[in-house]
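To keep things clear, I will list the structure first and then write my remarks on it.
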Amino acid sequence: MSRYETNVVLYRLKKDSAFRDRFKSNPGQALAGADLSDEERDAFVRWDLRKLNELGGSLHLLVSIPGLGAH
Amino acid sequence: MGKIVYAAAMSHVLHPDYYGQNVGPHGRRMVEELIAVVRAMGRTLTSAAPDALVVVADDHLNVFSFDAVPALCVRVGRSVNRMIQADAIEFDRALDGLPERYPVHEDLANSILETGVQAGFDFAASWSAPLDHAFLSPVSTLYGDRPVAPLVPFWVNCFVAPQPTAQRCFAAGRHIARVVAEGPWNVAVIATGGLSHFPELSLARIGQSDPAFDRRILKLMEAGDSEPLTALTAKELHESGSHELLNWMVLLGAVSPARARVRFFGEMGRIDLAALEWDVA
């Protein structure tokens, strides 16, 4: 189910600007309630797009998060 | 008896600023050339006076989330909104300033959905999904200031594995052709997206297109030879960055055995741009 959770967080980062702002200022805290593995959580905190992609994060979500996407 | 009076496929980020910023001046120039071709194609489309325009495109996880990803989805209802997204990323800025609402051709959409399900296609239906750049960038470029024909938006899941097969997309297109033939309407069909681009970040060839693959598939379309295209596997589409070719497979099914004419093909390095028309008249 982790692939689902990873993409749920990515989708929320894309669509929910308040959550995105919290993530930008303190990613660990913003993700405290998310059901992620340690590896996934670490990739989010480091904002390692390649790793998130390897862990099943959708490329189209990764590239389209306002202010965070890598184009 | 209805007929398909116009058929075309084209790349769907028709937005010079996006390519200017992300690829550079040659990217901007190339997409401007493509836009001029698509505008000319739009004059042919409007002179064919379709009662409806079926637009086959993919979602970029703008509309559908991982909560539910339909393999193939027909937009029903009476009208459809332009997607409005705060902080839209560059390629959805192509939508800024466009009309906020478009008519849906409700009878054709319902026919495609209902007879499709009866025929064994488990199409999803949406009454509320809005349209992103994959639909409206080509539609607005084709029509310019002219009124847009009532739309039948049709989504293909091009990006979230497991995708529908090329063969299944082609079969869905054959179904659309049957609905049109049995109905009273003159219908235009366009497919959008591509050509090869956006390979996954973890691949070595990050950000590069596959021109050899694209030239091969364009030749097959020009020859009206759809069998090798329907045999393309998910792996081949993924490795060449040609996910969005699945949209084109629906169109190919709708117009088969018509041959394509390549109106534009440009190799940008990061994506190959194209616009094709099919001889359906």
Inset, instruction - Please state which of the following conditions B:Gln118 fails to meet, knowing it meets all the rest: (1) closer than 15 Å to B:Thr141 by Cα; (2) more than 14 Å from chain A (Cβ to nearest Cβ); (3) surrounded by fewer than 23 Cβ atoms within 10 Å (Cβ to Cβ). - result: (1)
Inset, instruction - State whether one or more residues within segment B:20-30 are at pLDDT below 95, part of a helix (DSSP H, G or I) and within 27 Å of A:Arg12 (Cα to Cα). - result: yes
Inset, instruction - Scan segment B:248-265 for residues that are out of contact with any helix residue (DSSP H, G or I) (no Cβ under 7 Å at 6 or more places or on another chain) and within 16 Å of B:Phe213 (Cβ to Cβ) and jot them down. - result: B:Trp248
Inset, instruction - Could you grab me the full set of residues in segment B:235-281 that are in a helix (DSSP H, G or I) and either within 15 Å of B:Val56 (Cβ to Cβ) or of a type in the set (Lys, Arg) (or both)? - result: B:Lys235, B:Leu245, B:Leu246, B:Asn247, B:Trp248, B:Met249, B:Val250, B:Leu251, B:Leu252, B:Gly253, B:Ala254, B:Val255
Inset, instruction - Output the residues belonging to segment B:164-192 that are under 13 Å from the mean Cα position of the chain (by Cα) and in a strand (DSSP E or B). - result: B:Ala188, B:Val189, B:Ile190, B:Ala191, B:Thr192
Inset, instruction - Could you grab me the full set of residues in segment B:15-44 that are touching a helix residue (DSSP H, G or I) at 6+ places or on another chain (Cβ under 9 Å), of a type outside the set (D, E, K, R) and within 15 Å of B:Ile190 (Cα to Cα)? - result: B:Val38, B:Met41, B:Gly42
Legend entry - Some residue of segment B:6-28 being away from chain A (no Cβ under 14 Å), of a type in the set (Val, Ile, Thr) and either closer than 24 Å to B:Leu246 by Cβ or free of Cβ contacts under 8 Å to residues at least 60 places away in the same chain (or both): no
Inset, instruction - Mind telling me which of the residues B:Ala124, B:Ala149 ends up being touching a strand residue (DSSP E or B) at 6+ places or on another chain (Cβ under 8 Å), of a type outside the set (Ser, Thr, Tyr) and under 28 Å from B:Met41 (Cβ atoms)? - result: B:Ala149
Inset, instruction - Give the residue, chosen from B:Pro211, B:Pro228, B:Pro257, that is over 18 Å from the mean Cα position of the chain (by Cα), under 21 Å from B:Glu32 (Cα atoms) and modelled with pLDDT of 90 or more. - result: B:Pro211
Inset, instruction - Give the residue, chosen from A:Tyr4, A:Tyr11, that is facing chain B (nearest Cβ under 7 Å) and more than 29 Å from B:Gln21 (Cβ to Cβ). - result: A:Tyr4
Inset, instruction - Restricting attention to segment B:62-84, report how many residues are away from chain A (no Cβ under 14 Å) and more than 17 Å from the chain's Cα centre (by Cα). - result: 5
Inset, instruction - Go through segment A:1-17 residue by residue and tally those that are more than 15 Å from B:Gln85 (Cβ to Cβ) and free of Cβ contacts under 8 Å to residues at least 40 places away in the same chain. - result: 5
Legend entry - Scope segment A:24-71; condition more than 8 Å from chain B (Cβ to nearest Cβ), among the basic types (Lys, Arg) and under 30 Å from B:Glu244 (Cβ atoms); matching residues: A:Lys51
Inset, instruction - Working only within segment B:238-281, note down all residues that are of a type in the set (Lys, Arg) and over 26 Å from B:Gln208 (Cβ atoms). - result: B:Arg259, B:Arg261
Inset, instruction - Consider B:Ser11 carefully, then state whether it is surrounded by fewer than 22 Cβ atoms within 10 Å (Cβ to Cβ) and hydroxyl-bearing (Ser, Thr, Tyr). - result: no
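The values are calculated or read from the model by the stated rules, or taken from the named source; none is laboratory data. Just so it is clear, the model here is predicted, and its values are computed rather than measured. Don't worry about glycine lacking a Cβ; one is built from the backbone with ideal geometry, like all the others, and counts go over all protein chains shown.
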